[in-house]
Amino acid sequence: MVAADFAARAHRDHRRKGAHKAPYVNHLIDVCRILTVTGSVSDPAILCAAMLHDVVEDTAVTSEGVRAEFGDAVADLVAEVTDDKSLPKAARKRAQVAHAAHLSPGACLIKIADKISNIRDFLIDPPPWETTRYLGYIDWSVQVVSKLSHRNSALDQLFDDICLRARAAA
Ligand code: ZN
């Protein structure tokens, strides 16, 4: 998969926040696996965008670069799930809640799979955060997901389950 190779190279210096410092690409693979295995998503543009969903936000790759390499459908999805890094963190988090209601169906699926992966990582390999920060992240994720207009019952169920387990473990 060309997008996996592209994403692995772009994120090659990034690690996840957990103590094991897993390569960042593991998160991207996890999001794709959640979409395909749990959500039965098979649209190549959505899966390609899922692999690239953090590439504009977190690396030197630009939206135009994604467009040139992967076309409009993928670039538009990636742009929809990319936060505006010029905003301060709190404003960015508020903006993500506000934008969630306006996401396209494909972007909704990527968004919920991303939150599932992030929260499940708390259980597998937690970052060194205070309990309030964990719980704050889960609460904020619930707010974002509750605004998504396109639902997938299998992903909804996994999200609810992972939030429940992460709250119990916090
Ligand atoms: Zn992500």
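Some notes on this structure:
- Listed by chain and number, the lysines whose C-alpha is less than 20 Å from the C-alpha of Lys89, apart from same-chain residues fewer than 8 away, are Lys17, Lys111, Lys115, Lys147.
- From largest to smallest, the equivalent ellipsoid semi-axes obtained for the stretch 18-170 from the alpha-carbon gyration tensor read 23, 17, 16 Å.
- Of the trypsin sites (Lys or Arg not before Pro) in the stretch 50-124, the ones in a loop by DSSP (not H, G, I, E or B) with at most 15 other beta carbons within 10 Å are Lys85.
- Per-pair calculated FRET efficiency, R0 = 41 Å: Lys89 and Arg151 via Cβ, rounded to 0.05: 0.90
- Within the stretch 85-170, chymotrypsin sites (Phe, Trp or Tyr not before Pro) in DSSP loop having at most 12 other beta-carbon neighbours inside 10 Å: none
- Phi angles of the stretch 3-17 translate, via the Karplus equation with coefficients 6.51, -1.76, 1.60 and θ = phi - 60°, into HN-Hα couplings of 5, 5, 5, 4, 5, 4, 5, 5, 9, 4, 8, 9, 10, 6, 6 Hz per residue; Gly and Pro are given as x.
Bear in mind these aren't lab numbers, they're just calculated from the coordinates by the rules spelled out. Please read all numbers here as calculations on a predicted model, not as lab measurements. Neighbour counts are summed over all protein chains in view; Cβ atoms, including those assigned to glycine, are modelled from backbone coordinates with ideal geometry.
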